[in-house]
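The values are calculated or read from the model by the stated rules, or taken from the named source; none is laboratory data. None of the values given here were measured: they were computed from a predicted structure. Counting neighbours? That spans all protein chains shown, and the Cβs are built from the backbone with ideal geometry, glycine included. Quick note on the areas: whole protein, heavy atoms, side chains included, nothing else; ligands and nucleic acids left out. Shrake-Rupley method; radii C 1.70, N 1.55, O 1.52, S 1.80 Å.
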Amino acid sequence: MTIDWRNDVLPALPFIGFAGWLLYETTVLDVEMAGHVGGGMDAAGYPRALALLIAGLSVLVIAQGIRGRRPLSAGKPLDAPPPGLHPGIRPALAMAAIVVYTFIMIPVGFLIATPVLLAFVMFLVGDRNWVRIGATAVLLTFATWAISFFGFNILLPEGWLGVLTD
Amino acid sequence: MSETLHILLDLGSSVDWATAVMLVFGLVLGILIGVLPGMGPVLGVALAIPFTFYIPPVPSIALLIGIYQGGNYGGAITATVLGIPGTPMAAATLLDAHPMALKGEASEAVTLATVASFFGTSFSAIALILVAPTLAEFALRFGPAETFSLALLGLTAIASLGEGSTVKGLVAGLFGLTVATIGNDPITGLMRFNFGLTELQGGINLVSMLMGIFAVSELLIQIERPVRAWQTSERIGVKFQMFRALWRRFLGHTRASAIGVAIGTIPAVGAVASSFLAYKLAKDFSNHPETFGKGEPDGVIASEAANSATTGGAMIPMLALGIPGDPVVAIMMGGLLIQGLTPGPTLFFTNVEVLTGIFAAFLVGGVLLLPIGLASIPIFLRVLRTPFPALLAGVLVLTVIGTFLVQQYIVDLWQLWLFGVIGYAMRKTGFSVAAASIGFVLGPVLEVNLRRTTIIMSGDFTGYILSRPIALTILILVALALVFPLVQTAILNRGKRSAAVAKPLPGSRPSRK
């Protein structure tokens, strides 16, 4: 018997956790205060039903993974990993950069934070031409700033550049 | 039928300058997105959604329609020139378009694909205009039970008939339904699952959810496995003599387009299936089927006409019933909701002028696809040479700006990234993001009508459902949609086991019967 941990068992566990959390939350909803309209399913009943279905079907996914309906490819030679970073690291680094960007976008400003993020992502996916990276990041940032300001009349966060307009 | 006549009479006056400009812009953008491998109309429509906030309803929907139609066609250019489908729906086109290019007939192949796309899109526009109002009129008889059953059918079909495991598709769809419960309860106003945040009182931001689960997840997948720019030295022109295919192969065009429209109306089946089915039928009906796969023009015509015709077919259930037929149409439905328009039968009576504008935009878009497609081929071939990191950066900044512009709330960006990570994890593990997004879009409709049904039936489910034959029929279809993949898998597995048993052992003599 083979167990498909990666595709079935491990991904289903968060859904079971989510269903458990949802079930708990439905028990603390103040349905009585909101009022129960003429019988039938109330405001907590519907999400409760969804939680039970998610939990049940997730257990089924795990059961399918344990039954081993798809055998692991243990007998096949592995492809040589691509040079440089492991592929799974790149999205993680990109998300880390995006999280930092979202925290700093308002205090630092869109026009400063965005080219840095874009340059980092371009470097991450393999571009090593710094002139092209810099030019592309700056041009894209200013183009989108111009579209939002002149096209939609929305001023994006000024951040540090706000002292210039004060 | 009187509603159809009314719409037809108003079509001519429904396309103003703003709508025409947005339609052309959408077509150009859609073709560009279709040409670039890994992009596709789903991403294009998702990126355009936030910008529709600032545009009136008809021009904004025209923009989305243009991207949808152009995106479905654009993949054929890449399929012909590079031998890889620019979009999944161009996979069948590649079978004969690329061999034609290898024989030095690239211009002929691209021209044929463009003409076939024009025919298929225009055909489906006419079908949309004729069928949707009639279907909407019928749907006016629906009560809460029928509406709930229909929403359930749309969700179940996407979850079970789409790619991947049925059970995983259902889990994804249920997850989408659950996310839609965040915020005020639609019936009693009770606040649910908002984590104490006032910004979530109205629920999860539709734009953040759709952009995150489609665009950001795609970005993360592209970042994980980056590709280089595509290189091509082909010089492609227009071969006007290929236009003769329109009347010399009229039957082939019509058959493929009809298949596209029919398949498009069925939720979850989609343009890939319609293009392969039309290709197979074209081969079956051909006098020389052995030429298919080696550069046969009928193969290009069948697949392109069918995949383009699917666009109109998929719009029929969305506009008439409020049930999206595929992920692109689900996002377009989000675009209508943003404009305060609720897709479904009542739209045909409360916002006829908007609906007429949508129909006219679809028809005009189909016609404009021909000149715009042909004129833009050399330009888009140059775009293929753009370095991939620059393209990725462009999509990233558009995603950020599109989401932030909606309300200028940072919490919308956090939702965007959260659903992006969730979408990425789902795609890596075989859970359908299409089912999750459709669950989110259909969630409010499904919940309100289910709860109204439970109020009306007063505990007597069996008696109530038996008194609603339309709802009962739809629920039977739901059950069939759930059971069909299981039966199909069992039959396939039995066939494999029989083939393994029938194969003689090495060295043994085959038995005589």
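Quick notes on this structure:
- Spans of helices (runs of 4 or more DSSP H) in the range A:1-111 with at least 1 residues within 9 Å of another protein chain (Cβ to nearest Cβ) and at pLDDT 75 or above: A:10-28, A:45-67, A:89-108
- Residue check, B:S467 modelled with pLDDT under 70, open to solvent by less than 100 Å² (accessible area, probe 1.4 Å) and among the hydroxyl-bearing types (S, T, Y): no
- Residues located in the range A:134-166, provided they are open to solvent by 40 Å² or more (accessible area, probe 1.4 Å), facing chain B (nearest Cβ under 9 Å) and in a helix (DSSP H, G or I): A:L140, A:A143, A:W145, A:I147, A:G151
- Pairing each residue of the range B:450-473 that is within 14 Å of chain A (Cβ to nearest Cβ) with any residue that is open to solvent by 30 Å² or more (accessible area, probe 1.4 Å) and polar (S, T, N, Q), provided the two are 6+ apart or on different chains, yields C-beta distances under 9 Å for B:R452/B:T147; B:T453/B:T147; B:Y464/B:S458.
- Scanning the range B:457-473 for any residue that is in a helix (DSSP H, G or I) and within 29 Å of B:I422 (Cβ to Cβ) turns up nothing.
- Scan the range B:246-286 for residues that are in contact with a helix residue (DSSP H, G or I) (Cβ under 8 Å, 6 or more places away or on another chain) and more than 26 Å from B:L477 (Cβ to Cβ) and the total you get is 12.
Residue by residue, here is whether (1) among the basic types (K, R); (2) modelled with pLDDT of 85 or more; (3) under 20 Å from the mean Cα position of the chain (by Cα) holds:
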| position | (1), (2), (3) |
| --- | --- |
| B:A116 | no, yes, yes |
| B:G120 | no, yes, yes |
| B:R141 | yes, no, no |
| B:I182 | no, yes, no |
| B:E199 | no, no, no |
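- Flag if B:A306 is among the hydrophobic types (A, V, I, L, M, F, W, C), in a helix (DSSP H, G or I) and either at pLDDT 90 or above or surrounded by fewer than 24 Cβ atoms within 10 Å (Cβ to Cβ) (or both): yes
- Scanning the range A:93-107 for residues that are closer than 15 Å to A:F120 by Cα and open to solvent by 70 Å² or more (accessible area, probe 1.4 Å) yields one hit, A:V100.
- Consider the range B:204-218 and keep the residues that are open to solvent by 10 Å² or more (accessible area, probe 1.4 Å) and modelled with pLDDT under 90. The one that is nearest to the other protein chains (Cβ to nearest Cβ) is B:E218.
- Single residue of the range B:404-419 satisfying the filter (more than 8 Å from every other protein chain (Cβ to nearest Cβ) and in a helix (DSSP H, G or I)) that is farthest from B:E218 (Cα to Cα): B:Q407
- Output for the range A:110-133, where each listed residue is over 19 Å from B:G402 (Cβ atoms) and either open to solvent by less than 30 Å² (accessible area, probe 1.4 Å) or among the aliphatic types (A, V, I, L, M) (or both): A:I112, A:V116, A:A119, A:M122, A:L124, A:V125, A:D127, A:V131, A:I133
- Total residues in the range B:421-449, condition at the interface with chain A (Cβ under 8 Å from one of its Cβ atoms) and not aliphatic (A, V, I, L, M): 5
- Taken over the range B:379-403, the criterion of being modelled with pLDDT under 80 and either within 11 Å of chain A (Cβ to nearest Cβ) or open to solvent by less than 20 Å² (accessible area, probe 1.4 Å) (or both) is satisfied by B:F380, B:L381, B:L384, B:T386.
- Restricting attention to the range B:281-294, the residues being surrounded by fewer than 16 Cβ atoms within 10 Å (Cβ to Cβ) and assigned to a helix (DSSP H, G or I) number 4.
- Among the numbered conditions (1) assigned to a helix (DSSP H, G or I); (2) closer than 22 Å to B:L369 by Cβ; (3) at pLDDT below 85, the only one that B:I301 does not meet is (3).
- Yes/no for B:A479 being surrounded by 13 or more Cβ atoms within 10 Å (Cβ to Cβ) and not acidic (D, E): no
- When B:R244, B:R249 are screened for being among the basic types (K, R), farther than 28 Å from B:V329 by Cβ, touching an Asp or Glu at 6+ places or on another chain (Cβ under 7 Å) and open to solvent by 50 Å² or more (accessible area, probe 1.4 Å), only B:R249 passes.
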